[in-house]
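Here is the structure we will look at.
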Amino acid sequence: MKLAHYIGGEFHVNEEEKYLEVINPATSDTIANVPMATLHTLDFAINAAEQAQKIWGQVPAPKRADYLLDIGYKLKEKKEHLARVLTEEMGKVIEEARGEIQEGIDMAFYMAGEGRRLLGETTPSELTDKFAMSVRTPVGVVGLITPWNFPIGVPLLKAFPAIVSGNAVIWKPASETPVIAYEMAKIFDEVGLPKGVVNIVFGSGNEIGTELVQNPHVNVISFTGSTSTGRKVAELGGYHLKKVSLELGGKNAVIVMDDADLDLAVEGIVWSAFGTAGQRCTACSRVIVHEAVADELEQKLVAEIEKLTIGNGLDEANKVGPVINTEALYKIHSYVELAQLDGATLLTGGQILEGDDYDLGCYYAPTLFKNVHPQSRLAQEEIFGPVIGLISVANLEEAVAVNNSVTYGLSSSIYTRDVNTVFRAQRDLDTGIVYVNAGTTGAEVHLPFGGTKGTGNGHRDSGARALELYTEVKSVYIDFSGKLQRAQIDR
Ligand code: UN1
């Protein structure tokens with residue numbers, strides 16, 4: 001299957017472009033060929049977006065929201081099909097793929113409600129016969145640069161608030177996962193979203209991503225991906241004085257206190273560490289455990305991890321799918337080797353899986369280490385794979401200090417039955433998301449999503465706060481006194 005860009009409401013082919021193969025990481029089969037846009041194609045898309053936005057920005061927001069409802073219903077109707085496409089392309093197990101489509105559905109319906117809010121403020125003026133308010137206006141053309149690990153969930157968390165706010169979108173999906181984006185283009189087309197409101201351009205980050213960030217006709221950039229790329233996006237976007245929202249890495253921990261329900265904690269750790277084969281920015285990759293329960297937790301964890309079934313995500317029986325490609329396999333394995341050199345003890349896993357069906361795909365054994373030094377690279381750097389390390393601590397203060405000792409700040413979790421511990425922890429953990437008695441993944445669409453420190457630059461996806469990125473705020477003063485009134489002077 002040859003994919004095509006979606007520009008100005010048409011599927012667009014440029015014969016001069018090269019194609020890359022899209023590989024199913026579970027089988028190594030080629031499932032599609034994706035064009036790599038030239039700058040000419042991108043220009044065409046930017047122009048289409050600009051033209052469309054002029055009209056779209058004038059459509060009443062509740063009417064814009066009606067399209068989101070239609071998209072939401074279409075996603076519902078196609079949920080199973082889309083989930084299968086997602087699993088084939090990205091590898092996550094089918095149950096999780098369904099969850100990701102559901103995240104898109106939830107965001108469509110939630111943001112459709114914003115069509116009847118998009119709240120500004122009204123406030124008294126300090127002068128008589130003068131009215132004061134702030135209103136939201138669209139920012140114009142929005143560029144989305146999105147990752148392969150949540151190839152539809154993350155883009156839709158960004159696209160829907162952008163659309164309902166009256167902007168036009170240019171979306172550059174990750175080159176590893178274009179098929180699900182192409183499916184999304186079909187949905188925009190089927191619901192009759194006005195042409196040019198969403199444009200999908202496949203291409204390289206270096207060329208197309210860079211041009212999106214620097215092009216003067218693109219007003220806002222929302223990027224989810226690695227911290228190193230995010231830094232470049234911030235630098236370039238900053239030079240061009242653009243609003244740039246960054247959602248970057250994580251090094252998320254589950255803290256298990258001595259009064260925790262250990263079986264519950266084990267379930268939460270296993271789910272949040274090995275779901276999506278550890279390739280979530282919210283994935284648990286450190287377990288900070290109170291020394292009094294460390295041995296028991298370790299034994300229970302090993303037992304549960306060794307029960308995990310690994311294989312093609314289309315098979316409902318499998319709990320852990322492949323990682324995205326062989327490069328990822330080798331990167332994960334190099335961290336495992338490094339951890340051993342750093343003195344950590346391997347408890348289970350620690351290898352690229354081989355033999356039987358594993359040879360065809362990119363499978364890494366779910367891996368657990370203990371005796372991990374909190375400052376070692378295994379405990380500090382984002383691995384983006386199914387690897388966790390146990391770190392023992394003596395009390396809550398130490399647990400919080402270890403949690404906060406990384407350069408990232410996305411998600412954290414604590415298992416305890418003590419209400420005082422709960423409140424202290426939620427106050428002192430420095431991440432953008434804190435879970436109590438649940439793992440580190442599973443954010444819901446109506447609360448802000450994002451993190452502190454190296455995880456981003458203060459913006460948030462999801463929730464009503466996402467609108468801050470996609471709207472300009474205009475303060476409007478209406479003086480109906482019929483005379484000159486001077487603020488701060490005529491008191
Ligand atoms: C990501 O990994 O980039 O909270 C997003 C979660 C999901 C979103 C993850 N709702 O794990």
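The values are calculated or read from the model by the stated rules, or taken from the named source; none is laboratory data. What you are looking at is a predicted structure, and each value in this text was computed from that prediction instead of being measured. Positions of Cβ are generated from backbone atoms using ideal geometry, with glycine treated the same way; all protein chains shown enter the neighbour counts. Remember, those area values only see protein heavy atoms, side chains included, never the ligands or the DNA or RNA. Shrake-Rupley method; radii C 1.70, N 1.55, O 1.52, S 1.80 Å.
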Correct semi-axes for the stretch 252-436, from √(5λ) of the alpha-carbon gyration tensor and rounded to whole Å with the largest first, are 27, 17, 15
Per the rule of 0.36 nm per residue minus the C-alpha distance, extending V473 to K78 adds in nm 138.6 nm
Cα extents of the stretch 331-450 along the principal axes, largest first, in whole Å, come to 49, 36, 26
Answer in debye to the nearest 20: the dipole magnitude of the chain about its Cα centre, from +1 Lys/Arg and -1 Asp/Glu charges placed on Cβ, is 2100
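If you filter the stretch 271-353 for GluC sites (Glu not before Pro), then keep DSSP loop positions with at most 16 other Cβ within 10 Å, what is left?
Here the GluC sites (Glu not before Pro) that fit, given the DSSP loop and packing criteria, are E316.
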With all protein chains present, the stretch 264-349 has a carbon and sulfur share of its accessible area (1.4 Å probe) in percent of 50
Going residue by residue through the stretch 25-38, the Karplus relation 6.51 cos²θ - 1.76 cosθ + 1.60 with θ = phi - 60° gives ³J(HN,Hα) values, rounded to whole Hz and with x marking Gly or Pro, of x, 7, 10, 6, 6, 7, 9, 6, 10, 10, x, 9, 4, 8
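How would you order 122-133, 273-284 from highest to lowest mean count of nearby Cβ atoms within 10 Å?
Numbers: 122-133: 13.2, 273-284: 27.0.
The most tightly packed comes first, giving 273-284, 122-133.
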Beyond 23 Å (Cα-Cα) in this structure, taken from K158/K453; K54/K78; K18/K78; K92/K251; K186/K232, we find K54/K78; K18/K78; K186/K232
FRET efficiency for L447 and N404 from the Cβ-Cβ distance with R0 = 35 Å, rounded to 0.05, comes out at 0.95
Residue-normalised 222 nm signal for the chain, counting each DSSP H run of n ≥ 4 as -39,500 (n - 2.57), nearest 500 deg cm²/dmol, is -11500 deg cm²/dmol
The orientation-averaged projected area of the Cα convex hull of the stretch 297-341, in nm², is 4.2
Site D129, offset 7 angstrom along Cα→Cβ, radius 11 Å on amide nitrogen, limited to the stretch 460-486, gives 479-485
The chain accessible area per residue, 1.4 Å probe, protein heavy atoms, integer Å², reads 42
Whole-Å distance linking the alpha carbon centroid of the stretch 449-483 with that of the stretch 13-54 is 32
Packing-ranked peptide list from 363-375, 223-235, 145-157, highest mean Cβ count within 10 angstrom first, is 145-157, 363-375, 223-235
Subtracting the Cα-Cα distance of A292 and Q51 from 0.36 nm times their residue separation yields 80.4 nm
Whole-Å distance linking the alpha carbon centroid of the stretch 416-441 with that of the stretch 181-231 is 35
Note: K483 to H240 extended length (0.36 nm per residue) minus current alpha-carbon separation gives 83.4 nm
Residues meeting the amide H criterion for T348 (H placed from the backbone, H to H distance under 5 Å, 5 or more places apart or on another chain) are L368
Judged on accessible area alone, 1.4 Å probe, highest first, V473, V220 line up as V473, V220
Distance in nm between R377 and Q102 label points, each 7 Å along Cα→Cβ, equals 3.8
The rounded separation in angstrom of the Cα centers of the stretch 79-150 and the stretch 240-298 is 26
Counting only residues 5 or more apart in sequence or on a different chain, those whose built amide H sits under 5 Å from that of G409 are K251, T452, G454, T455
Karplus ³J(HN,Hα) for the stretch 96-103 (6.51 cos²θ - 1.76 cosθ + 1.60, θ = phi - 60°; Hz, whole; x = Gly/Pro) runs 6, 5, 4, x, 5, 4, 4, 4
Simple SL model, points at 7 angstrom along Cα→Cβ for Y19 and V59; separation in nm is 3.2
Most packed first (mean Cβ within 10 Å per residue), the peptides 407-416, 345-354 order as 407-416, 345-354
Any residue on another chain or 5+ positions along whose placed amide H is under 5 Å from the amide H of K130 is listed here as F480
In cubic angstrom per residue, the convex hull of the chain built on its Cα atoms measures 161
